[in-house]
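**Student:** Structure in structure tokens, see below.
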Amino acid sequence: MTSKPPPTAHAWLRDLVDSTTVELLAEQVAARGRVVASGSWGSSAILLAGALAVRTRRTVMLVVAHLDDTDDAIEDLQWFTRIGMPVTPRPFSALETLPGESNVQLELLAARLAVVDAVVSNQIRDVAEPTVLVAPIQALMQAVPEPDALCDFSKHLRSGDTCPPAKLIDWLDHAGYTRNEVIEQPGDFATRGGIIDVYLPSGLTDEVDAAGGPLPIRLDYFGDEVESIRRINTDSMGSEDKIAHVQMIGTSAAGLQSDERTTNLLELLHEDTLFVLNEVMELAEQGRGYYERLTNPRGIYPPNAVLQKLTKRDHVEINQYSTGDDADIELPVHSLMLFDTNPALAIDALIELADDAARVTVLCQKKDERDRLIELIREHDEDAVDLLDIEVGYLHRGFLWAEDGGQMPIDTTPSPVNATESSPSADELQAKEADTSDDDGLESNDAPDSEDAPSDQAESQIGNHKSKTSPVLQIVVTHHELFHRYHTRRRIRRVSFDAESVADVFFDLDVGDYVVHIDHGIARFTGLRTMRTKERSEDFLTLEFANNALLHVPATDIDLVQKYIGGFHGTPPLSLLGGKRWTKTKRQVEDAVKDLAAGMLRIQAARAAMPGVGFPTDTKWQREFEAEFPYNETEDQIAAIAETKRGMIDERPMDRLICGDVGFGKTEVAIRAAFKAAEFGKQVVVLVPTTVLAEQHERTFKDRMAGYPFRIESISRFKSTGRQKELLDELGEGKIDIVIGTHRLLSKDVKFSDVGLIVIDEEQRFGVEHKQRLLQFRMTADVLTLTATPIPRTLHMSLMGLRDISSLTTAPLDRRAIVTEVISYDEKRIRNAISRELSREGQVFFVHNRVHNIKDVADELQRIAPEARIAIGHGQMTPQQLEQVMLDFIRAEIDVLVCTTIIESGIDIPSANTMLINNADHFGLADLHQLRGRIGRYKHRAYCYLLLPKDRPITEMSRRRLNAIEQYSMLGAGFKIAMRDLEIRGAGNLLGAEQSGHIAAVGYEMYCNMLEDATNRMRESGYVDPVRTHLDLPIKGHVPHTYVSSQTRRMEAYKRFARCDTQEQLNQLVDDLTQAYGKPPASTQMLISLAEIRIALSQLEVTSFRLEKKDLIFRMSAAQKLEPYLSDAPGRLSVVDAKTLYYRPPDESYLEPQALLAILRLMLLRKPPTVVST
């Protein structure tokens, strides 16, 4: 082997920047204004654009053909910072809406306007590093505001600025923001005195870049001056860290979808801007396709007009192929070889490359990928590692750089490319279109004829040369190309998400809702009323019981009232106020939950006595494998993975349930558990409910475990009978490590070799017979069950002692809420939805769950959207037909898939982001949520349309379901949907039909509390209920309407007061109230003091505290705990018995409300005085 010189960090990119090719490009464009370069491959065009920015110090705009190319380019350009030649990459993204649509993606709109603002204010040219703007052609076709109109869409504010509140409110109104009592979602604003809260669609601050997520802020005014700007927590409404400066962006695109007061971004860019056009023919083709799909081109420039504007400025055209006469510079770039899918053969080919080329650089996304690659190379050839530069960093695609004219040293089979014929230049394209364009270049134009389009099969320019006389200088190989581990790279943004606040929907009370009073039973909530009693105001929840009996519950006792969620079809019967039936019902349910808890504890004990596998702790391979996960795990995922592995290491058989909303990362938990089992030599069985999901899981598992010696197979009806028999024989012989399949794997003829782990996806979808077989496995093998029906937090807590459960409640960093609309079947809306998706190169699911007329529906869609490629998929097709259809859809060879609910479970196709569900009223709430979860798995905003029939009415229950799915479209909505599903259908799917009846009798929350209490008592013989002090004093505090105007927020405040168990929790509540609404008034301050006293007495185990005539009476578990606090108080202290203590102040003035509160706080909120023994 040839020895190589020691590598310089990132030498491959330094050499490219310093190359004569880049120098020549810079010189030629400066001298001539236009240069055509031919021969690009992989990420070379992107890196050349960055290199030109470094060499010329000019602002560069890179124009790409596809929306996704923008994010790839932004990521690749980060490499220049690593080599000490930083450029500032900024995306100028396209709005993913059609003209006239109101559902604009606010983050994209904000990011676009931020770029326009930076261009107009010259910020782009004033930075130290040159800027590289990256824009798809569609983005440049969309209008932007003229400079004098920009103030209508963008507003800068800094702490200390003078901006009268009335003027800001007027701007927010005109910019598309919606005024509410409190802000809840992007685009809202609210005002209270000298405070204005605004929920910005994107966090454009000095601390957060233009790609930041939604940002709720609070502007605190002193007169007309903005005194401070802070982030706020929308759950608690408390302020958080300060922000020095914020850019507020309008939330409506209506003003941009116009030909008035708008212009093209190219008109605003400085004349010194250098344009790099990547694949000119593809730019024209994609621009034309986008323009032709428009039904209303207002605010959209034709592609030929944009190309004309581009080519009038200094520009470099970089194409893979250009006509020989037209290419000014032939780039020294060639294609990478296509590596074998067998990792061992791929490593052999890489080593051979390294032996023959001057320098081979391999780019790994993570350090652990690099470590694993070095390990694999050494297994093949100990010395070969020294021939390679292996670096950590992500590049979209590799390439060969042979500036000295070298040839490819070994035989290669180039990757399929997108062009065989030479690409015409931008000028040639314009000449072809000149006949159809008006003089001003603003009319629609035709792109080149289809026969000029490139074919899909082509030879690389370097062909199959084998000469070694002039070696290639640089070969850049990416880890994912080497091992065929392509995954969807997503633009990362952080989602603010509080699992507890999302899951805890028990007190979203509206007038007319049914509630449960702990002591009196089921009633109807008629509202929150403020009443005046004995010269003071107090808030009451008014409850209506049977026979129109009313009960006014003080809002301070709000913890006695729970929202009724029980699942009655219709309405639950109201309890009789003062009757005995409620007490009897509660006793019956308590007995039932004791039986349930005892039964589950018996099962748990039986499993604990059985011998399990006892897997080892994490190995080096396990750590490397987990580190190769291409995304950042959520905290919940990390916790669930750790809990699962602890269960596998334990000697007793594991039986863990992983609950999580759609797309929250359950599969990755299962993959890591499967890896641990397979590495230990045990077989893994993955059971899934559908054939399609089995095939997808096979691809996912194989992709994640590429490079490791595990054999993964799926057994489903997609495989021939002969192939299935082959695989089953090998399964029994132990030749398959991980097998994935449907209930077929539970058949009696299926024999396993040594099963260590069973993964069950959606167990509730398997039949009774299958569950019996699973019960046999549970006695010996570890079992991991996945469910996308989220278990609400209260049930989770009450089951914690009975079953091993992990809940994934945190949204992954790249998930976006799905726009959900319930609409009547309307051909125009359907066409627009399909057109929008196709214009951003996406795909569409059209769900029609009736096989008998699905062909008619597909034909109707073809008539509505003639340009779309439409196919049908359903479970009654032959396995070969269905498999082919799904493969075609995955490969994006189908635009619209008309299908049944066969896609419901686990299908993950990131490019499919629009779904239409026909006859949506026929689906259950959980089913709709599952279906909707098939989209929204990529960076693009997803749209789900629930289509209602035109020819018949829908039932009231269907209407409630559809309203719920439309209302709960935010991230993590599965928890609220699970609760609403309980409300509509009952709880039979969670605990079985028998327990569902008991839940209906007392309400869901009370049932959970009873179950938790019963479990605690059975598990711990000495269990004691936590003490909660009941106060009975002639002093009441309240939260007045003038302080917190929103009834919902007032009830939330009362609920938080009632739930405070520590002084820290109370301090946080007071801080949140003060920041959100200002200093608490006297009545609220009294409520705070009462809460302080209650908390202090609860910690001293005082059960009740009341004023009776002139005495304060304390009842508790042990009087000696309280006695030291009151021993030196003025007045008389009497210990009546071991559990009762009387305190009489010296005179009646001490019993005045303010004085009484003051002395109690003074006595109780301190360290107890030291008692000195005599």
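The values are calculated or read from the model by the stated rules, or taken from the named source; none is laboratory data. Quick caveat, the model's predicted, so the values are computed rather than measured. FYI the Cβ positions are ideal-geometry reconstructions off the backbone, even for glycines, and counts take in every protein chain you see.
**Student:** Would you confirm, using the coordinates I've provided, whether residue 562 is under 30 Å from residue 369 (Cβ atoms), surrounded by 15 or more Cβ atoms within 10 Å (Cβ to Cβ), at pLDDT 85 or above and of a type outside the set (Val, Ile, Thr)?
**Tutor:** Against the criterion (under 30 Å from residue 369 (Cβ atoms), surrounded by 15 or more Cβ atoms within 10 Å (Cβ to Cβ), at pLDDT 85 or above and of a type outside the set (Val, Ile, Thr)), residue 562 does not qualify.
**Student:** So residue 141 ticks every box in (1) over 29 Å from the mean Cα position of the chain (by Cα); (2) modelled with pLDDT of 90 or more; (3) more than 26 Å from residue 95 (Cα to Cα) but one. Which box is left unticked?
**Tutor:** With respect to (1) over 29 Å from the mean Cα position of the chain (by Cα); (2) modelled with pLDDT of 90 or more; (3) more than 26 Å from residue 95 (Cα to Cα), residue 141 is out only on (3).
**Student:** Would you be able to say whether some residue in segment 73-94 is buried (at least 19 other Cβ atoms within 10 Å of the Cβ), at pLDDT below 90 and farther than 30 Å from residue 391 by Cα?
**Tutor:** Yes, segment 73-94 contains at least one residue that is buried (at least 19 other Cβ atoms within 10 Å of the Cβ), at pLDDT below 90 and farther than 30 Å from residue 391 by Cα.
**Student:** How many of the residues in segment 630-657 are assigned to a loop (DSSP other than H, G, I, E, B) and without any contact (Cβ under 8 Å) to a residue 40 or more places away in the chain?
**Tutor:** 2
**Student:** Then there is this: Hey, can you tell me all the residues within segment 266-308 that are at pLDDT 90 or above, among the hydrophobic types (A, V, I, L, M, F, W, C) and within 24 Å of residue 26 (Cα to Cα)?
**Tutor:** 266, 268, 269, 274, 275, 276, 277, 280, 283, 306, 307
Conditions (1) assigned to a helix (DSSP H, G or I); (2) surrounded by fewer than 22 Cβ atoms within 10 Å (Cβ to Cβ), marked per residue:
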position: 670; (1), (2): yes, no
position: 673; (1), (2): yes, no
position: 676; (1), (2): yes, no
position: 684; (1), (2): no, no
position: 689; (1), (2): no, yes
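**Student:** For the structure I just gave you, tell me whether residue 84 is of a type in the set (Gly, Ala, Ser) and out of contact with any strand residue (DSSP E or B) (no Cβ under 6 Å at 6 or more places or on another chain).
**Tutor:** So residue 84 passes the test.
**Student:** Related question: Which condition does residue 871 not pass, out of (1) free of Cβ contacts under 8 Å to residues at least 24 places away in the same chain; (2) over 26 Å from the mean Cα position of the chain (by Cα), if it passes all the others?
**Tutor:** Unmet condition: (1).
**Student:** Quick one: count up the residues across segment 1118-1132 that are touching a strand residue (DSSP E or B) at 6+ places or on another chain (Cβ under 7 Å) and surrounded by fewer than 16 Cβ atoms within 10 Å (Cβ to Cβ).
**Tutor:** 3
**Student:** To continue, here is another question. Kindly indicate the residue of segment 260-276 that is under 35 Å from the mean Cα position of the chain (by Cα) and β-branched (Val, Ile, Thr) and also surrounded by the fewest Cβ atoms within 10 Å (Cβ to Cβ) among those meeting that condition.
**Tutor:** Taking the candidates together, the pick is 263.
**Student:** For the subset of segment 744-758 comprising residues that are among the basic types (Lys, Arg) and more than 20 Å from residue 692 (Cβ to Cβ), which member is surrounded by the fewest Cβ atoms within 10 Å (Cβ to Cβ)?
**Tutor:** Within segment 744-758, the subset among the basic types (Lys, Arg) is 744, 748, 751.
Next, only the ones that are more than 20 Å from residue 692 (Cβ to Cβ) stay: 748, 751.
Working: 748: 6, 751: 10.
Selected residue: 748.
**Student:** Every residue in segment 733-754 that is modelled with pLDDT under 90 and more than 32 Å from the chain's Cα centre (by Cα), please. Write out each step before concluding.
**Tutor:** Restricting attention to segment 733-754, the residues satisfying the condition of being modelled with pLDDT under 90 are 742-754.
Listed by number, the residues that qualify are 744, 745, 746, 747, 748, 749, 750, 751, 752, 753, 754.
**Student:** Any residue at all in segment 618-633 that is more than 19 Å from residue 704 (Cβ to Cβ) and either basic (Lys, Arg) or surrounded by 16 or more Cβ atoms within 10 Å (Cβ to Cβ) (or both)? Talk me through it step by step, then tell me what you get.
**Tutor:** Taking segment 618-633 and keeping what is more than 19 Å from residue 704 (Cβ to Cβ), we get none.
The answer is no, given that none of the residues of segment 618-633 is more than 19 Å from residue 704 (Cβ to Cβ) and either basic (Lys, Arg) or surrounded by 16 or more Cβ atoms within 10 Å (Cβ to Cβ) (or both).
**Student:** Would you confirm, using the coordinates I've provided, whether residue 12 is closer than 21 Å to residue 321 by Cβ and in contact with a Ser or Thr (Cβ under 7 Å, 6 or more places away or on another chain)?
**Tutor:** So residue 12 fails the test.
A quick yes/no check of all residues on (1) surrounded by fewer than 19 Cβ atoms within 10 Å (Cβ to Cβ); (2) without any contact (Cβ under 8 Å) to a residue 60 or more places away in the chain; (3) within 41 Å of the chain's Cα centre (by Cα); (4) farther than 30 Å from residue 219 by Cα:
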| residue | (1), (2), (3), (4) |
| --- | --- |
| 1101 | yes, no, no, yes |
| 1106 | yes, no, no, yes |
| 1112 | no, yes, no, yes |
| 1142 | yes, yes, no, yes |
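**Student:** Please verify whether residue 1095 is under 50 Å from the mean Cα position of the chain (by Cα) and hydrophobic (A, V, I, L, M, F, W, C), treating the condition exactly as stated. Write out each step before concluding.
**Tutor:** Values: under 50 Å from the mean Cα position of the chain (by Cα): yes; hydrophobic (A, V, I, L, M, F, W, C): yes.
Against the criterion (under 50 Å from the mean Cα position of the chain (by Cα) and hydrophobic (A, V, I, L, M, F, W, C)), residue 1095 qualifies.
**Student:** Could you check residue 502 against (1) at pLDDT below 70; (2) part of a loop (DSSP other than H, G, I, E, B) and say which number it fails?
**Tutor:** Looking at each condition in turn, residue 502 falls short on (2).
**Student:** Residue 660 passes all but one of (1) small (Gly, Ala, Ser); (2) closer than 27 Å to residue 709 by Cβ; (3) in contact with a helix residue (DSSP H, G or I) (Cβ under 6 Å, 6 or more places away or on another chain); which number fails?
**Tutor:** For residue 660, the exception is condition (2).
**Student:** Among (1) closer than 30 Å to residue 9 by Cβ; (2) in contact with a Leu (Cβ under 7 Å, 6 or more places away or on another chain); (3) part of a helix (DSSP H, G or I); (4) among the hydrophobic types (A, V, I, L, M, F, W, C), there is one condition residue 110 misses while meeting the rest; what is its number?
**Tutor:** Among (1) closer than 30 Å to residue 9 by Cβ; (2) in contact with a Leu (Cβ under 7 Å, 6 or more places away or on another chain); (3) part of a helix (DSSP H, G or I); (4) among the hydrophobic types (A, V, I, L, M, F, W, C), the lone unmet condition for residue 110 is (1).
**Student:** I'd like the full set of residues that are among the basic types (Lys, Arg) and farther than 13 Å from residue 316 by Cβ, limited to segment 14-64.
**Tutor:** If the condition is that a residue be among the basic types (Lys, Arg) and farther than 13 Å from residue 316 by Cβ, then 14, 57 are the ones that fit.
**Student:** Right, another one. Determine the pairs where a residue that is in the same structural domain as residue 923 (by TED's automatic domain parsing), located within segment 828-857, has a partner that is basic (Lys, Arg) and in a helix (DSSP H, G or I) with Cβ atoms under 9 Å apart, the partner being 6 or more residues away or on another chain.
**Tutor:** 842/836
**Student:** Here are 773, 778, 711: which of them is surrounded by 13 or more Cβ atoms within 10 Å (Cβ to Cβ) and at pLDDT 85 or above?
**Tutor:** After applying the criteria, what remains is 711.
**Student:** Next question, about the same structure. Would it be correct to say that residue 991 is at pLDDT below 75, within 30 Å of residue 890 (Cβ to Cβ) and either surrounded by fewer than 22 Cβ atoms within 10 Å (Cβ to Cβ) or of a type in the set (Gly, Ala, Ser) (or both)?
**Tutor:** For residue 991, the condition - at pLDDT below 75, within 30 Å of residue 890 (Cβ to Cβ) and either surrounded by fewer than 22 Cβ atoms within 10 Å (Cβ to Cβ) or of a type in the set (Gly, Ala, Ser) (or both) - is not met.
**Student:** With the checklist (1) out of contact with any Asp or Glu (no Cβ under 7 Å at 6 or more places or on another chain); (2) crowded, with 24+ Cβ neighbours inside 10 Å; (3) modelled with pLDDT under 80 in hand, flag the one item residue 935 doesn't pass.
**Tutor:** Result: residue 935 passes all but (3).
**Student:** Only residues that are modelled with pLDDT of 90 or more and over 28 Å from the mean Cα position of the chain (by Cα): list them for segment 622-663, please.
**Tutor:** 648, 649
**Student:** Another question, if that's okay. Identify all residues within segment 1076-1092 that are touching a residue at least 60 places away in the same chain (Cβ under 8 Å) and not in a helix (DSSP H, G or I); write none if there are none.
**Tutor:** Kept after step one, since they are touching a residue at least 60 places away in the same chain (Cβ under 8 Å), are these residues of segment 1076-1092: 1076-1078, 1083, 1086-1087, 1089-1090, 1092.
Hit for segment 1076-1092 is 1078, nothing else.
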